[in-house]
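Data first, discussion second: the structure below is written as structure tokens.
The values are calculated or read from the model by the stated rules, or taken from the named source; none is laboratory data. Everything numeric in this text was worked out from a predicted model, so none of it was measured. We place every Cβ from the backbone using ideal geometry, glycine too, and count neighbours over all the protein chains shown.
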Amino acid sequence: MKLKTEPYVINVGPQHPSTHGVFRLRLTMDGEKIIDAEMIIGYLHRSMEKLAEERTYTQNIPFTDRTDYIAAMTGNLAYVMAVEKLMEIEVPERANWLRTIMAELQRLASHAMAGGTFANDCGTWQTPVMHMIRDREKVLDLFEMACGARLTTNYMRIGGVSRDIPPEFLPAMTKLLKELPDRIDEYEDLLLNNEIIIARSRGIAVLTPEEAIAYSLSGPMLRGSGVAWDLRKADPYAAYDKVEFDIAVGTKGDAYDRFAVRMAEMRQSVRILEQCAEMIPEGPIHARLQTATVQPIGNPVAPLVVRPPEGEAYARIESPRGELGFYIVSDGGPSPYRFHIRAPSYINLTPLKKMTVGMTVADAVVVLGSVDIVVGEVDR
Amino acid sequence: MPILAKWYDFRDLGNAIGALQDQILDWGAPDWVPYVVSGIIAVVGILLWLLVSQIVFIWIERRVIGLMHNRIGPNRVGPMGLLQGVADAIKLLLKEAITARATDKILFWAAPIAIFIPAMVVFAVIPFGEGMVLSDLNVGVLFFLAIGSINTIAVFAAGWASNNKYALIGAMRQIGMLISYELVQVFALLSVVILVGSMRMGDIVAWQSGNDVWMFAIQPLAFVAFIIAGLVEVNRSPADLSEAESELTAGYHTEYSGIKFGFFYAAEYFATFALSGVIVTLFMGGWTLWGAEEWVPGFLIFVTKLYAVFFLFIWARGTLPRLRTDQLMSFSWKFLLELMFVQILVIGLETLIWREQAYDASTVLPIFGVINWVLAIGLVVLWARMLGHGTPRTAGKRATLTQEIGKIYYEGAAGPGA
Amino acid sequence: MDDTGTVVAFWAMAIMTVGSALMVGAVRNLIHAVIFLVLSFLGVAGLYITLSADFVGVVQILIYSGAISILVIFAIVLTPRAGRDNSETSMLVPGVVIAGLVATMLSYAAIETDWNISSREGFEETAQAIGEALLDKYILPFEVAGALMLVAMLGAIIIVRAEGAESETVEVEEVEE
């Protein structure tokens with residue numbers, strides 16, 4: 001006696017308390033099981049790539065804040081590295097160390113948010129989120145000290161950083177770094193050992209390393225599947241070749257391992273930051289560019305208009321979500337000819353259908369939480 | 001025995017009611033009038049107490065969960081936010097009650113009422129003090145179970161009448177969970193009833209105060225199982241998947257707005273109060289406190305204990321993540337129910353031995369308590385190990401740290417929901 | 001049938017039971033019919049309680065309104081023609097006629113029979129009496145009923161299991177293509 005059932009379609013999103021941004025997922029369900037998943041993106045498309053072609057290179061830096069709005073510093077960093085590669089500028093030492101500090105602080109803040117919202121998707125009624133956002137707030141206070149803005153920092157410039165850190169920055173950062181390892185231990189103990197979180201996320205959204213590499217994944221999604229690939233070690237930039245840290249990998253490729261990888265990366269960031277605080281040298285924070293104009297405050301600041309030579313460059317960094325890359329084509333003018341963002345969230349969404357089919361709707365939310373997308377990056 | 005038996009001896013409100021009944025008879029009313037009048041007073045009293053408690057507890061719950069979240073809860077409305085519950089109630093009353101066109105009008109209108117009624121009716125059998133029970137049924141415990149099972153119909157009616165697939169999915173999930181945990185509830189209460197020998201709530205409280213022991217010290221497994229099953233039956237976290245905010249909007253009460261939603265919300269609170277009341281009565285000594293009820297009114301003791309158990313539920317809500325429906329159901333059928341079977345057997349044996357040999361209660365009960373505690377802890381650990389929980393394969397594990405680029409550490413996936 | 005309370009309660013419960021039972025047959029929507037069925041079960045429970053059969057009354061609520069009605073609901077929801085109008089059937093008139101005949105027959109039998117009024121006083125502890133009877137005098141039917149229920153449950157599991165395993169293999173093939 002075969003039961004005749006009919007599949008039906010439900011929409012998860014675009015307005016939904018749980019999806020990370022305006023993101024729509026059309027699920028075809030048979031009973032409680034998902035048999036097909038289709039994602040519809042573009043709700044947050046702001047045509048950044050086209051708009052950037054009308055603006056100068058320096059004016060494009062605020063755009064990079066807003067692609068991945070949870071991790072603005074790393075967005076800035078990738079872009080200015082691409083332009084510097086095009087113009088073959090040598091960034092001074094202190095600027096590189098400052099960039100490393102800011103990038104790692106940003107990684108802490110972003111993973112705190114990602115971990116918290118993942119626990120929220122597993123259904124914890126916002127308690128872990130509130131606690132993790134407490135740490136994120138402290139990091140954002142540091143950002144405010146350094147550059148005046150918490151979220152859209154606009155800190156890096158082509159050839160260095162925009163302003164030096166005030167003298168109270170490093171002591172404040174060291175104070176925060178002393179408190180963080182205990183807090184990260186607390187989160188790991190409470191969340192990683194929680195039976196219910198294990199039951200909700202173990203074995204969900206499994207990707208084997210061959211699949212992960214085939215889908216061009218990067219970041220904690222790739223490392224969660226066991227592939228030890230981190231651009232900070234494989235293709236070092238800024239000051240990463242001078243500090244010691246480990247790469248965190250998972251062993252089972254499921255949502256739980258990705259969460260564990262993010263927590264471990266937070267610890268590694270603390271380690272890097274401690275080394276940076278000791279080893280940062282004095283010096284100029286910005287390279288002397290030929291067209292630089294010295295403003296009355298004495299520090300050379302970024303020129304208003306740069307004209308890179310004709311050519312193309314691709315620079316990539318390890319953002320908290322994966323490999324963030326900028327591909328810039330210049331035609332010698334003040335604006336880029338082509339400004340393309342290789343957004344990790346967008347590429348990491350490729351296996352979403354494979355991961356959700358066969359699960360229930362509750363699991364689909366957990367899967368989406370483990371991919372850790374920022375829709376600003378997905379849609380640009 | 002209370003020292004003063006006058007009507008102003010509020011340690012036992014029965015004195016006042018008894019005096020009122022005599023007074024009415026003195027005025028020459030027929031026999032059934034005092035009975036009806038005292039019944040009405042009791043009903044109104046319970047309802048008022050419930051409503052006030054609910055409004056206060058809306059505030060308490062949000063402040064306590066705010067404290068757990070390291071933030072301040074509501075503090076704007078009234079001094080320290082105390083009028084938050086009132087503000088919520090007024091808001092719900094003033095909201096537009098939208099009824100979609102394709103809903104089943106009668107069922108849509110009747111479902112919130114049907115959910116509300118069981119939650120309130122249970123209070124008829126819960127003793128608030130000595131003789132302060134609205135209706136001292138011989139089968140009080142069974143009555144609680146029966147009324148709780150009416151909830152399933154009401155939930156289905158709410159989901160069906162909304163004519164909305166999310167609501168129907170939520171309702172079906174909820175019914176599945178309710179059915180799974182009804183048996184666990186029955187067995188947990190059954191083990192209490194077997195030991196005491198009577199289904200009347202007043203008798204169980206008298207047994208506990210007579211033997212100077214609270215039931216949960218003798219039967220921890222039944223206590224814990226009943227709390228878990230009760231959490232699922234009243235649809236509170238960690239089992240509130242059908243109304244989870246981050247999942248399918250609000251489950252079976254998605255389509256309800258305004259005061260109809262207020263009814264669902266209030267019914268959940270009332271049901272939780274009822275559950276707490278039953279837990280206090282059956283497992284925590286009811287309105288007795290080892291003799292303090294001579295001086296402190298019994299109903300104050302009872303209400304304090306009820307609030308303490310409710311705080312436990314608030315705590316669980318703020319802390320635990322949510323389980324998926326099928327995980328909850330498999331927990332009930334594969335884990336709790338088996339433990340309950342063993343518990344019933346053990347309790348039955350103990351009761352048999354006790355009755356046959358007519359031992360003294362004070363020697364036998366501590367032995368039973370120790371046996372039951374050891375059994376409870378041993379069974380839970382053993383059965384969990386056998387089912388695969390807590391093994392290294394499913395234990396929590398931090399990420400591996402490495403320095404080598406390009407090496408693959410994949411070990412093979414665990415099954416889903418391991 | 002002594003005091004006013006019992007009489008009032010009896011008539012209220014009787015009207016509820018019979019009225020709801022009539023509505024079960026009369027309403028068009030099947031789900032409404034189930035709700036009226038639940039109401040009539042509750043009415044029967046009330047009738048039991050007026051007869052001082054407290055245990056049976058409460059168990060009637062627990063089993064019938066709580067569990068059997070859910071069974072009926074699931075059966076209705078799983079049939080493809082659940083949404084149809086109940087009155088679109090050619091069996092309407094024959095059904096009413098047969099129901100009327102059966103009702104007349106039963107009422108005649110109930111009214112004309114010389115019922116034996118038991119001389120025993122009412123039971124105080126019906127639960128205890130029922131329990132003792134089940135495990136003492138009627139132990140064999142009790143055990144047989146238990147075994148029957150076990151077999152039914154096993155049968156249900158086997159039916160669902162075989163289907164489930166079959167459909168799962170089909171689904172996996174579809175996904176892998």
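Some observations on this one:
- Which listed residue is in contact (Cβ under 8 Å) with a residue 24 or more places away in the chain and either under 21 Å from residue C:40 (Cα atoms) or under 18 Å from the mean Cα position of the chain (by Cα) (or both), from B:151, B:163: B:151
- Output for region C:38-57, where each listed residue is of a type outside the set (Gly, Ala, Ser) and over 25 Å from residue C:153 (Cα atoms): C:39, C:42, C:44, C:47, C:48, C:49, C:50, C:51, C:54, C:55
- Looking at A:116, A:75, A:31, just one residue is surrounded by 22 or more Cβ atoms within 10 Å (Cβ to Cβ) and free of Cβ contacts under 8 Å to residues at least 60 places away in the same chain, and that residue is A:116.
- Taken over region A:211-242, the residue count meeting the criterion of being surrounded by fewer than 21 Cβ atoms within 10 Å (Cβ to Cβ) and either of a type in the set (A, V, I, L, M) or facing chain B (nearest Cβ under 9 Å) (or both) is 5.
- Entirely in region C:1-119, the helices (runs of 4 or more DSSP H) that have 2 or more residues that are of a type in the set (Gly, Ala, Ser) and within 30 Å of residue B:31 (Cα to Cα): C:4-26, C:30-50
- Unmet criterion (only one of (1) at pLDDT 85 or above; (2) assigned to a loop (DSSP other than H, G, I, E, B)) for residue A:123: (1)
- Residues in region B:287-319 that are hydroxyl-bearing (Ser, Thr, Tyr), at pLDDT below 85 and in a helix (DSSP H, G or I): 1 in all.
- Residues that are in a helix (DSSP H, G or I) and either modelled with pLDDT of 80 or more or surrounded by fewer than 18 Cβ atoms within 10 Å (Cβ to Cβ) (or both), drawn from region B:245-264: B:259, B:260, B:261, B:262, B:263, B:264
- Odd one out for residue A:161 among (1) at the interface with chain B (Cβ under 8 Å from one of its Cβ atoms); (2) of a type outside the set (Gly, Ala, Ser); (3) crowded, with 21+ Cβ neighbours inside 10 Å; (4) more than 17 Å from the chain's Cα centre (by Cα): (1)
- With respect to the conditions (1) in contact (Cβ under 8 Å) with a residue 60 or more places away in the chain; (2) at positive phi; (3) within 14 Å of chain B (Cβ to nearest Cβ); (4) not aromatic (Phe, Trp, Tyr), residue A:126 lacks only one, and its number is (1).
- Residue match in region A:246-256 (condition: farther than 26 Å from residue A:367 by Cα, more than 7 Å from chain B (Cβ to nearest Cβ) and in contact with a helix residue (DSSP H, G or I) (Cβ under 7 Å, 6 or more places away or on another chain)): no
- So residue A:46, is it touching a residue at least 60 places away in the same chain (Cβ under 8 Å), under 15 Å from residue A:326 (Cβ atoms), of a type outside the set (Ser, Thr, Tyr) and surrounded by fewer than 17 Cβ atoms within 10 Å (Cβ to Cβ): no
- Every pair of residues 6+ apart whose Cβ atoms lie under 8 Å, when the first sits in region C:33-53 and is within 28 Å of residue C:75 (Cα to Cα) while the second is outside any helix (DSSP H, G or I): C:33/C:27; C:33/C:86; C:36/C:27
- Against the criterion of being in contact with a helix residue (DSSP H, G or I) (Cβ under 6 Å, 6 or more places away or on another chain), more than 15 Å from residue A:322 (Cβ to Cβ), facing chain B (nearest Cβ under 7 Å) and not aromatic (Phe, Trp, Tyr), residue A:204 qualifies.
- Any helices (runs of 4 or more DSSP H) falling wholly within region A:331-373 and containing at least 1 residues that are within 14 Å of another protein chain (Cβ to nearest Cβ): A:352-356, A:361-371
- Among the residues making up region B:333-352, a single one is within 14 Å of chain A (Cβ to nearest Cβ) and buried (at least 16 other Cβ atoms within 10 Å of the Cβ): B:335.
- Residue in region B:122-130 that is over 21 Å from residue C:125 (Cα atoms), free of Cβ contacts under 8 Å to residues at least 60 places away in the same chain and out of contact with any Cys (no Cβ under 7 Å at 6 or more places or on another chain) present: no
- Within the set B:204, B:175, B:169, B:228, the sole residue that is free of Cβ contacts under 8 Å to residues at least 40 places away in the same chain, assigned by TED's automatic domain parsing to the domain that holds residue B:284 and either under 20 Å from residue B:324 (Cα atoms) or assigned to a helix (DSSP H, G or I) (or both) turns out to be B:175.
- Applying a threshold of 6 Å to beta carbon distances and a minimum spacing of six or more residues, or different chains, the list of pairs starting in region B:345-362 at a residue that is of a type in the set (Asp, Glu) and ending at one that is part of a helix (DSSP H, G or I) reads B:350/B:368.
- Count - residues of region A:44-98 that are of a type outside the set (Gly, Ala, Ser) and assigned to a loop (DSSP other than H, G, I, E, B): 19
- Sole exception among (1) more than 14 Å from chain B (Cβ to nearest Cβ); (2) charged (D, E, K, R); (3) not in a loop (DSSP other than H, G, I, E, B) for residue A:135, by number: (1)
- Residue B:148 passes every criterion in (1) closer than 20 Å to residue C:49 by Cβ; (2) out of contact with any Pro (no Cβ under 7 Å at 6 or more places or on another chain) apart from (2).
- Meets criteria (modelled with pLDDT under 85 and not assigned by TED's automatic domain parsing to the domain that holds residue B:206) for residue B:101: no
- Residue in region B:112-126 that is under 16 Å from the mean Cα position of the chain (by Cα), within 12 Å of chain C (Cβ to nearest Cβ) and not in a helix (DSSP H, G or I) present: yes
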